[in-house]
1. Can you name the residue in the stretch 114-130 that is under 21 Å from residue 149 (Cβ atoms) and assigned to a helix (DSSP H, G or I) and, of all such residues, is farthest from the chain's Cα centre (by Cα)?
2. Please state which one of 149, 132, 139 is in contact with a strand residue (DSSP E or B) (Cβ under 8 Å, 6 or more places away or on another chain) and surrounded by 24 or more Cβ atoms within 10 Å (Cβ to Cβ).
3. For the stretch 139-165, how many residues meet the condition of being within 30 Å of residue 56 (Cβ to Cβ), in a loop (DSSP other than H, G, I, E, B) and in contact with a helix residue (DSSP H, G or I) (Cβ under 9 Å, 6 or more places away or on another chain)?
4. Restricting attention to the stretch 90-113, which residues are touching a residue at least 40 places away in the same chain (Cβ under 8 Å) and outside any helix (DSSP H, G or I)?
5. Specify the residue that is nearest to the chain's Cα centre (by Cα); the eligible residues are those in the stretch 58-73 that are within 17 Å of residue 92 (Cβ to Cβ) and surrounded by fewer than 24 Cβ atoms within 10 Å (Cβ to Cβ).
6. Considering each residue of the stretch 45-81, count those that are modelled with pLDDT of 55 or more and either touching a helix residue (DSSP H, G or I) at 6+ places or on another chain (Cβ under 7 Å) or in a loop (DSSP other than H, G, I, E, B) (or both), and give that number.
């Protein structure tokens, strides 16, 4: 079994300005813990659509791309996610069933677990990382992603203002802050005439 029910909390990421069906992901989700709590709010939206939340158990598959079973940071992220859901009235084991999948970082394994998730037909998928989201993007399921560096470049959303399709979520990078970085560098080293950036592809 690739699924595990556990506890957990945070992630390092900044929010993506993404809209889905009239909902905007708040810019107030700045800290690691705040991000995952907000993510719980976003995750709850498709679950509530079209039905009262206490009418039936909702199933959410959580694909923790890049994490092995029992990873400490993953457990922390899960705890914060569940905290955000509880604030909206979704309690694991009562009205929501959370299946945690730990595929590690190998692409083949991530894809295999993604196929298992799609075959199980959950009400919603929460996807962690660019590879995990890429493995799910063609599924006809509501998907909320997190820790994705370039949602547009990866083909997950049409644009940041209106993502379209069945995916929405958070990015690890907000392009608009690039100018702020330069301003801070210039302030710290006013006589600097040349700057270079080392960027790792997602």
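The values are calculated or read from the model by the stated rules, or taken from the named source; none is laboratory data. Here the structure is a predicted model, which means the values were calculated and not measured. Virtual Cβ from ideal backbone geometry, glycine too; neighbours counted across all protein chains shown.
1. Selected residue: 114.
2. On the way: 149 fails: surrounded by 24 or more Cβ atoms within 10 Å (Cβ to Cβ); 139 fails: surrounded by 24 or more Cβ atoms within 10 Å (Cβ to Cβ).
Residue meeting the stated conditions: 132.
3. Of the residues in that region, 5 qualify.
4. Filtering the stretch 90-113 for residues touching a residue at least 40 places away in the same chain (Cβ under 8 Å) gives 90, 92, 95-103, 105, 110, 113.
If the condition is that a residue be touching a residue at least 40 places away in the same chain (Cβ under 8 Å) and outside any helix (DSSP H, G or I), then 90, 92, 95, 96, 97, 98, 99, 100, 101, 102, 103, 105 are the ones that fit.
5. Filtering first and then ranking leaves 59.
6. Summing the residues that are modelled with pLDDT of 55 or more and either touching a helix residue (DSSP H, G or I) at 6+ places or on another chain (Cβ under 7 Å) or in a loop (DSSP other than H, G, I, E, B) (or both) in the stretch 45-81 gives 18.
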